[in-house]
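J.: Pasting a structure below so you can have a look.
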Amino acid sequence: MSMIECRGLTKVFGGTKALNNFTCEINENTITGLIGRNGAGKTTLLKIIAGYHQQTSGEIKVFSEEPFNNLTVSANMIFVHDQLNLPTALNLQEILDVMAGFYKNWDRELAHRLFDYFSFHPMQYYNGLSKGMKSTFNMILGLAARTPLTIFDEPTTGMDAAVRKDFYRALLKDYIAYPRTIILSSHHLDEIEDLLEDILVVKQGQELLHMPIAELREYAIGLEGKNALVKEWTKDREIIFSKNGAFDQSYVVVRNDFSESELYQAELAGIEILPVSSSDVCVYLTSKTKGGIDDVFNKG
Amino acid sequence: MSLTKVSLSEIVRQQYVYKLKAFIQVFMSLVFVQIIAILFSQGGSGMMGSGGGLIDLEVHYYSADVVVAFTMLWGFITAILITTKAYRNDDFIFVTNRISSNLSNMLFLLTASVIGGITSMMSTYLVKIIIALFKGDHFINSSAASAPSVGLFFGICATILYIFLFCSLGYLVGTVVQLSRVFAFALPVVFVGGLFFDGMRGQAGIIESLFTFFFMENSFVLFIFKILFTVCLSFSAAFILSNRMEVKP
């Protein structure tokens, strides 16, 4: 069953299209990673799902209902982002109590244990926390709310490496115990890769890829060797990325539609076949030009 | 995971309880405003003097009018304050839609008006005590004001309604300003400019007739209707205007 359905979703902000005819479907009880470059429209998409923004055109259904101004969607969804501004007059313990009042599935026990683990003090105020501590506290809110739809928009901003690891582990453990639909947007695909089931890549307001993460690992391969040789082997193939190195060497990433024997022959011809990590694939796919930053500096 | 169903009234109740706790600063500022107003009241609200021969007579009137006026202003500003992003966006972390958020704001403002109304009327006694202790050579207390009476009760009701009226106007102004920043400049210009314009023409304009409409009403029942009608009008306008408003950081 699909939890979220978007069809032809478009959102215009002052003349620019943050989302451009966006169509996707997110299934119930999956962890989906939302990947895209800065300004690709990730946050806009999440805000429309959360009912914060209203789409300019197109259709969106969350739990088969329109999310904008919808109490049911609001009660069954929590949207954690790094600009969360929590009431300044309440201390952390009071904020947790208020959350418990609003969210029916709120897990006091879990919230309390995480609160202690990350050594928060109940009398602290949210505004007095550091950036990383704020993110950590937001994460507690997101996990303990146990809403059928949980959205984390760049949840690890400012967290140190240890806390990030803890967060991913906590998320996975809680997801296994209480399966629900989780959307996780992040810049660090290599970190969350093991956590995700599906991946949704957004580029310039449109869906670029939406597939199980396992498929993405096989999506592309890299060929490295002499210029002419590589050129010949990648002819008529979908080139994702190419880079010319020194000494007549070049490195080209292409869509992996080679057969076993073809790969074998390529290796015999003197081309090195390299696997491409999914986070690299995403970087290559979402970059605007084929050559990357090098092209800016290579004038000739 | 199954969906939970919530009702609007339940959420409004939750939000109201939450707001009483979270907007506590509003009541701190009420205390502050009223203390200042009580100090200002020591100047007296009227004075009459006459003399002849050996007798020199001066009568000073003292009242809590200044406190009530300040509290109305406080209501207006409080209402604007809770329409600002910092307060409005707080609701969206919890369960809400625009209607429930507006309704709980209205209930909160009503509560604030009741508290503001009662405290400002009660401050009359504080003003009197201060005068009696520190100022007056002879303190003449009118019989009507000497003990709590029906008059005091009506006074409190009227004050509450006035403050609530200002809250509702402030809420509408705040909402309009949230729609477009232009109004933050345009509204004061129209209001103050209107006052000046009337002054230059030398005749009663719309602002003065509005003042007469609300503050010079002799019939209490008619007064209640006038206020409630205006309050309903400005809150519904604010509700309709904010119902399509997006949440922006």
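The values are calculated or read from the model by the stated rules, or taken from the named source; none is laboratory data. If you're wondering where the values come from, they're calculated on a predicted model, not measured in any experiment. Positions of Cβ are generated from backbone atoms using ideal geometry, with glycine treated the same way; all protein chains shown enter the neighbour counts.
J.: I'm checking my understanding of the structure. Among residues of region A:261-288 that are part of a loop (DSSP other than H, G, I, E, B) and under 32 Å from the mean Cα position of the chain (by Cα), which one is surrounded by the most Cβ atoms within 10 Å (Cβ to Cβ)?
T.: A:VAL276
J.: Looking at A:PHE241, A:PHE258, A:PHE247 in this structure, which one is assigned to a loop (DSSP other than H, G, I, E, B) and under 30 Å from A:ALA40 (Cβ atoms)?
T.: After ruling out the rest, the residue left standing is A:PHE258.
J.: Can you say whether A:ILE48 is within 11 Å of chain B (Cβ to nearest Cβ), part of a helix (DSSP H, G or I) and either modelled with pLDDT of 90 or more or at positive phi (or both), as far as the supplied structure shows?
T.: Considered against the rule, which asks whether it is within 11 Å of chain B (Cβ to nearest Cβ), part of a helix (DSSP H, G or I) and either modelled with pLDDT of 90 or more or at positive phi (or both), A:ILE48 comes out as yes.
J.: How many residues does region A:93-128 contain that are of a type in the set (A, V, I, L, M) and over 28 Å from the mean Cα position of the chain (by Cα)?
T.: Adding up the residues that qualify gives 2.
J.: Would you please name the residue that is farthest from the other protein chains (Cβ to nearest Cβ), looking only at residues in region B:228-249 that are in contact (Cβ under 8 Å) with a residue 40 or more places away in the chain and of a type in the set (Gly, Ala, Ser)?
T.: Once the filter is applied, the top-ranked residue is B:SER234.
J.: Residues of region B:2-57 being in contact with a Ser or Thr (Cβ under 8 Å, 6 or more places away or on another chain), under 24 Å from A:ILE95 (Cβ atoms) and either small (Gly, Ala, Ser) or at pLDDT below 85 (or both), which ones?
T.: Once the filter is applied, which keeps residues that are in contact with a Ser or Thr (Cβ under 8 Å, 6 or more places away or on another chain), under 24 Å from A:ILE95 (Cβ atoms) and either small (Gly, Ala, Ser) or at pLDDT below 85 (or both), region B:2-57 yields only B:SER29.
J.: Tally time: how many residues in region A:144-161 are part of a strand (DSSP E or B) and either of a type in the set (S, T, N, Q) or without any contact (Cβ under 8 Å) to a residue 12 or more places away in the chain (or both)?
T.: Here the count works out to 1.
J.: So for region A:65-82 (the condition being of a type in the set (Ser, Thr, Tyr) and more than 11 Å from chain B (Cβ to nearest Cβ)), does at least one residue qualify?
T.: The answer is no, given that none of the residues of region A:65-82 is of a type in the set (Ser, Thr, Tyr) and more than 11 Å from chain B (Cβ to nearest Cβ).
J.: Please go through (1) part of a helix (DSSP H, G or I); (2) surrounded by fewer than 18 Cβ atoms within 10 Å (Cβ to Cβ) for A:LEU141 and return the number of the only condition it doesn't satisfy.
T.: So A:LEU141 meets the others, but not (2).
J.: Shifting gears a bit: Within region B:79-156, which helices (runs of 4 or more DSSP H) (wholly inside it) include 1 or more residues that are aromatic (Phe, Trp, Tyr) and modelled with pLDDT of 90 or more?
T.: Correct list: B:98-130.
J.: Do we have A:ILE78 as in a helix (DSSP H, G or I), within 20 Å of the chain's Cα centre (by Cα), closer than 21 Å to A:ASN29 by Cα and of a type in the set (A, V, I, L, M, F, W, C) here?
T.: For A:ILE78, the condition - in a helix (DSSP H, G or I), within 20 Å of the chain's Cα centre (by Cα), closer than 21 Å to A:ASN29 by Cα and of a type in the set (A, V, I, L, M, F, W, C) - is not met.
J.: Only one of these is under 18 Å from B:SER104 (Cα atoms) and at pLDDT 85 or above: B:SER180, B:SER234. Name it.
T.: After applying the criteria, what remains is B:SER234.
J.: Could you tell me whether any residue of region A:117-130 is assigned to a helix (DSSP H, G or I), at negative phi and within 8 Å of chain B (Cβ to nearest Cβ)?
T.: no
J.: Say we look at region A:172-223 and pick out the residues that are within 14 Å of chain B (Cβ to nearest Cβ) and in contact (Cβ under 8 Å) with a residue 60 or more places away in the chain; which of these is surrounded by the fewest Cβ atoms within 10 Å (Cβ to Cβ)?
T.: Only one residue tops the list, namely A:PRO179.
J.: Still on this structure: Step by step: first the residues of region A:73-129, then only those that are among the β-branched types (Val, Ile, Thr) and touching a strand residue (DSSP E or B) at 6+ places or on another chain (Cβ under 6 Å), then the one that is surrounded by the fewest Cβ atoms within 10 Å (Cβ to Cβ). Which residue is that?
T.: A:VAL73
J.: Let me ask something else. Go over the candidates B:LEU30, B:LEU73 one by one and state the one that is among the hydrophobic types (A, V, I, L, M, F, W, C), touching a helix residue (DSSP H, G or I) at 6+ places or on another chain (Cβ under 8 Å), crowded, with 16+ Cβ neighbours inside 10 Å and assigned to a helix (DSSP H, G or I).
T.: B:LEU30
J.: Next question, about the same structure. Could you look through region B:1-27, keep only residues that are among the basic types (Lys, Arg) and surrounded by fewer than 16 Cβ atoms within 10 Å (Cβ to Cβ), and pick out the one that is nearest to B:ILE131 (Cα to Cα)?
T.: Ranking the candidates gives B:LYS21 first.
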